[in-house]
Structures are given as structure tokens and as C-alpha cells.
Amino acid sequence: MNQLFAWVGRQMIAGGIYVRDIATIPYFSFRELLVTPASQRRVVLRVMSQQIIFAGVGALPMITIVALLLGSVMLIHVHTIGSKNPLGTMMAMVLIRELGPLLTAFVVIGRSGVAICTELGNLRVGNQIKALHTMGIRVLGFVVLPRMLAVVVAMICLTIYFDLIAVMGGFTVAKFVLGESIFVFLYILEQSVSLTDVLITVIKGGIFGFAVAAICCHHGLLVKHSAPEVPQATTQAILSSVIVCVLLDLLLIVILRVFFA
């Protein structure tokens with residue numbers, strides 16, 4: 001029993017150190033932005049716009065397919081129940097609040113998270129990070145911050161897009177497969193989904209985006225001088241991002257239940 005408590009204590013300490021290391025990345029990145037000259041800020045914005053195109057626009061096909069399938073499957077299952085009330089509940093609570101931001105985060109992890117960790121790891125292996133330091137370029141402000149902001153912006157936009165496409169999938173199934181009236185579907189959606197639900201999904205998208213970007217940048221910068229470390233760091237970043245996003249989702253659910261029940 002003592003060994004179990006000791007192991008739990010070590011894991012809690014290691015988890016606290018890990019959270020501290022992850023939290024320092026956005027803090028120091030934004031602090032670097034404040035001391036960056038205006039001329040270099042334009043370069044940061046240009047890099048960020050390129051990353052937004054990759055992280056956001058590049059993920060649209062996959063997000064569209066997943067959202068359409070999810071919305072269609074959810075409506076078909078609710079239709080088999082034979083009640084209208086579960087439809088509104090599942091659309092508001094399950095689809096928009098929970099599955100929308102969480103599944104979007106998983107897609108962003110698989111695309112942007114992997115790309116960021118791999119890119120930073122290769123920069124470390126190729127000693128390009130040291131070269132940037134030698135040239136007087138702030139790595140956190142020039143390399144990390146644009147990617148972090150791009151992932152956050154892309155996550156928020158993709159989460160909203162996911163919810164809209166999932167609802168459109170429900171429209172399609174209701175009209176052409178199940179023969180339901182679109183007006184009935186719209187009425188149920190209007191009565192069930194509130195501005196609070198939309199605000200919650202946007203907040204979750206932003207939080208998940210920050211977490212994914214910080215974790216992937218952290219693991220990418222941990223790579224030392226060996227190329228085999230890059231895929232190992234990428235794998236660890238993916239696993240950590242998924243676990244952290246699920247834990248954050250559970251934490252937000254508890255907070256909402258306690259303070260906004």
C-alpha cells in the first residue's frame with residue numbers, strides 16, 4: 001500500500017511539472033510578442049496566416065465528412081426512438097457542446113499537431129534553432145507563437161464549422177431519408193440550442209487549441225540531436241494532446257454543472 005501511495009505521489013509530481021512546462025510556453029511566447037519590433041510582427045502575422053491556411057482550410061474536407069456522418073447517424077438513432085425531445089437534447093448537449101469541439105480537436109491533433117511537433121523536432125535536429133538564436137531571432141516569438149495562434153484560431157473556426165455541417169447532415173437525413181419536415185426539425189433545433197451552447201463550444205475550441213498547440217510545441221522542442229527522437233516525440237505529443245483534451249472536457253463539464261446548473 002505504501003508503494004502504491006508513493007507511486008501515485010510521484011505521478012502527481014511528474015504531472016504537475018509537465019503542466020508547468022506546458023503552461024510556460026504560451027506565457028513566454030506572448031511575452032516575446034510584446035517586445036518584438038513592429039517590423040518583425042508583420043513577419044509573425046504572415047507566418048501565422050500561412051499556418052491558419054494549413055491548419056484550418058486543409059482540415060475542412062475531413063471535418064466535413066466526419067460532421068456530416070455524425071449528424072446523420074445521430075438523427076437516425078433518435079428517429080428510431082420515436083420521440084422529438086431526445087433530438088433537441090442530443091443536438092444541444094451531445095453534438096454542439098461535447099462532440100463538436102472534441103472531435104474537431106482530434107482532427108487538428110492528427111494534422112496540425114503532428115506537423116508542428118515534427119517541424120520543431122526537425123529544426124532542433126538540424127541545429128536551425130541554434131542558428132535562429134545566433135541571428136538574434138526570438139524562437140518563441142517567431143516560430144512558436146504564430147503556430148500557437150494559428151491553431152487556436154483554426155480550432156475555433158473549425159468547431160463552429162463542424163457544428164453547422166453536422167446540423168446540415170441532420171437536415172439532409174430528415175428531409176430525404178426519413179421524410180421528416182424541415183420546419184419541425186428547425187423548430188426543435190431553435191427550442192433546444194441556445195446562445196450559451198454556442199458560447200460553450202467556442203470556448204472549448206479555444207481552450208483545446210491552446211492545449212494542443214502548447215503540448216505539440218513542447219514535445220517538438222524537447223528533441224535533442226537525434227533524428228529517431230522526432231517520431232517518438234510526435235507520438236508522445238499526440239497521446240498527451242488527446243488525454244489532455246479529454247481531461248479538459250471533463251473538467252469543463254464539472255465546472256458548468258457546478259456553477260451554471
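The values are calculated or read from the model by the stated rules, or taken from the named source; none is laboratory data. Remember, it's a predicted structure, so these values are computed and weren't measured experimentally. Cβ sites come from the backbone with ideal geometry, for glycine too, and all protein chains shown count toward neighbours. For accessibility, only protein heavy atoms count, side chains too; no ligands or nucleic acids. Shrake-Rupley method; radii C 1.70, N 1.55, O 1.52, S 1.80 Å.
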Go through the residues of the range 36-54 one by one and say whether even a single one is open to solvent by 30 Å² or more (accessible area, probe 1.4 Å), polar (S, T, N, Q) and either out of contact with any Pro (no Cβ under 9 Å at 6 or more places or on another chain) or at pLDDT below 80 (or both).
yes
Of the residues G209, G220, which is more than 15 Å from the chain's Cα centre (by Cα) and crowded, with 23+ Cβ neighbours inside 10 Å?
G220
Could you go through the range 79-93 and let me know if any residue there is within 19 Å of the chain's Cα centre (by Cα) and at pLDDT below 80.
yes
Could you grab me the full set of residues in the range 191-205 that are of a type in the set (A, V, I, L, M) and open to solvent by 80 Å² or more (accessible area, probe 1.4 Å)?
L195, L199, I203
Would you mind stating whether I156 is surrounded by fewer than 24 Cβ atoms within 10 Å (Cβ to Cβ) and in contact with a Lys or Arg (Cβ under 8 Å, 6 or more places away or on another chain)?
no
Scan the range 231-248 residue by residue and report those that are surrounded by 18 or more Cβ atoms within 10 Å (Cβ to Cβ) and within 15 Å of the chain's Cα centre (by Cα).
A237, I238, S240, S241, V242, V244, C245, L248
Restricting to helices (runs of 4 or more DSSP H) lying wholly in the range 112-225: which have 2 or more residues that are under 25 Å from T64 (Cβ atoms)?
114-125, 145-172, 182-192, 195-221
